[in-house]
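Rule-based calculations on the coordinates, nothing more; no lab input. Since this is a predicted model, take the numbers as computed values, not measurements. Here the Cβ positions follow ideal geometry from the backbone for every residue, glycine too, while neighbour counts run over all protein chains shown.
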Amino acid sequence: MPSTTAETLSLVTRNVSVAPLVLLSAVDHFNRSSATKTRNKRVVGVLLGQNDGKNVRVSNSFAVPFEEDDKDPSVWYLDHNYIEAMNDMFKKINAREKLIGWYHSGPKLRASDLEINELFKRYTPNPLLVIIDVQPKESGVPTDAYFAVEEIKDDGTTTAKTFVHTPSIIEAEEAEEIGVEHLLRDIRDVAVGTLSTRVTSQLQSLQGLHHRLGDIQTYLKKVLDGQLPVNHAILGNLQDVFNLLPNLSTTAAAPSSRTGAGAAASTSTSTTTLGGGEGDLAYAMSVKTNDQLMAIYLSSLIRAITAFHDLIENKIQNRQQQEEKDAAKKDAAAAAANGESSGPNGAAASGSNKDGKDGEKKDDKANGVNGDAKEGDKEKK
């Protein structure tokens, strides 16, 4: 067990990342157990992954049979034989995934957690405890990671075992993201648009930020009141956060479009209004918001003009196509009319030609008969 401040800080500064598959498995475990037990019963499981000393990656988990007495926290049952059997089977599937800790559905630490953690020390030196809130009431990361340490008291009395909190994040690989997206597709409302989804995610992020700021305020108030000791590591982290904030001092910025007394009055007014921290922040936020809205406005105008241009082009093309169709119909009608008018004239001309030929034939026959008659008269003479 770590017994020095340096070793405790080494545990606190570890990077703990939890895969989404672990959260889904824990929620499924809780729902299956709730079908046969009361709703307040918590569930316990084993965490699998890699622990290289600095980074702790929780990639898989499995459920464990667990029972406890609600009235007496010291009475509990955990099937460690089942843990060993399942651990051996998971080693055959993926040898890289090792037993690194355990989880329960919380939502807070229990009195028997230290004893259960001692049981898991059979399999790993420093078991990681992750409390997964399966029914979160507030937005944010639903996991809390802890390592067990021995707390050294200032009065020199016997050390006591306790849990120290370490930050944790939800991180997934590309293949896991695809799988989780596929699993969540059934419960996601497809009718919800992209804009509403973005607004909802931003609202949840702001609610989580508000909750974290409230925790910081509560901690600092307790430190000022003497209820909690000063922790320089926490104060250093807070100072790092404040150093990352942008410089929003804009008292020198004043409107320059107006001249004379009006400009001087407006300058003095803006300087007076922005002299306080809240005025500076409000002015800076309004300037940034106006810049973003201007970009959105320009993009909307460009999109509308482009759509209007496409509409005009479509109208022109449709009109040209209609005119071509009308011209083709007129040409076809004119050609048909010309064909009908030339048909009777041709028939009459051919008929007259036939009659002329027949008359000529009849004349020839008459001439032949007359010639034969003349020759007969000559012979008789």
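Give me the extension gain from Leu24 to Glu181: residue separation times 0.36 nm, minus the current Cα-Cα distance, reported in nm with one decimal.
Fully extending the segment from Leu24 to Glu181 adds 55.3 nm.
Which three numbers, in whole Å and largest first, are the semi-axes of the equivalent ellipsoid of region 5-185 derived from its Cα gyration tensor as √(5λ)?
Equivalent ellipsoid semi-axes, largest first: 25, 21, 17 Å.
If you count the DSSP beta bridges with both ends in region 5-185, what percent of them are antiparallel, to the nearest 5?
Approximately 70 percent, going by the DSSP bridge assignments.
Tally Lys/Arg at +1 and Asp/Glu at -1 over every other residue whose Cβ is under 15 Å from the Cβ of Leu119; what's the total?
-3
If the chain between Ser196 and Lys222 were fully stretched, how many nm would it gain, using 0.36 nm times the residue separation less the Cα-Cα distance?
Length gained, Ser196 through Lys222: 5.5 nm.
Holding the Cα-Cα limit at 20 Å, pick out from Lys98/Lys121; Lys41/Lys137; Lys121/Lys161; Lys161/Lys222; Lys91/Lys121 the pairs that are longer than that.
Where the Cα-Cα span goes over 20 Å, the pairs concerned are Lys161/Lys222.
Hey, can you rank 115-126, 210-221, 46-57 by average C-beta count inside 10 Å, highest first?
46-57, 115-126, 210-221
Residues with amide H under 5 Å of Thr166's amide H, sequence separation 5 or more or different chain, H placed in the peptide plane at 1.01 Å from N; which?
So Thr166 has HN proximity to Ala145, Tyr146, Phe147.
Need the full-extension length gain, Met89 to Ala160, defined as separation in residues times 0.36 nm minus the C-alpha distance. One decimal, nm.
Result: 21.9 nm gained on full extension.
Round to the nearest 0.05 the FRET efficiency obtained for Val75 and Ile152 when R0 = 30 Å and r is the Cβ-Cβ distance.
Efficiency at R0 = 30 Å is approximately 0.50.
Taking the highest mean first, how do the peptides 198-204, 59-65, 100-106, 136-142 order by number of other beta carbon atoms within 10 angstrom per residue?
Ranking the peptides 198-204, 59-65, 100-106, 136-142 by packing returns 100-106, 59-65, 136-142, 198-204.
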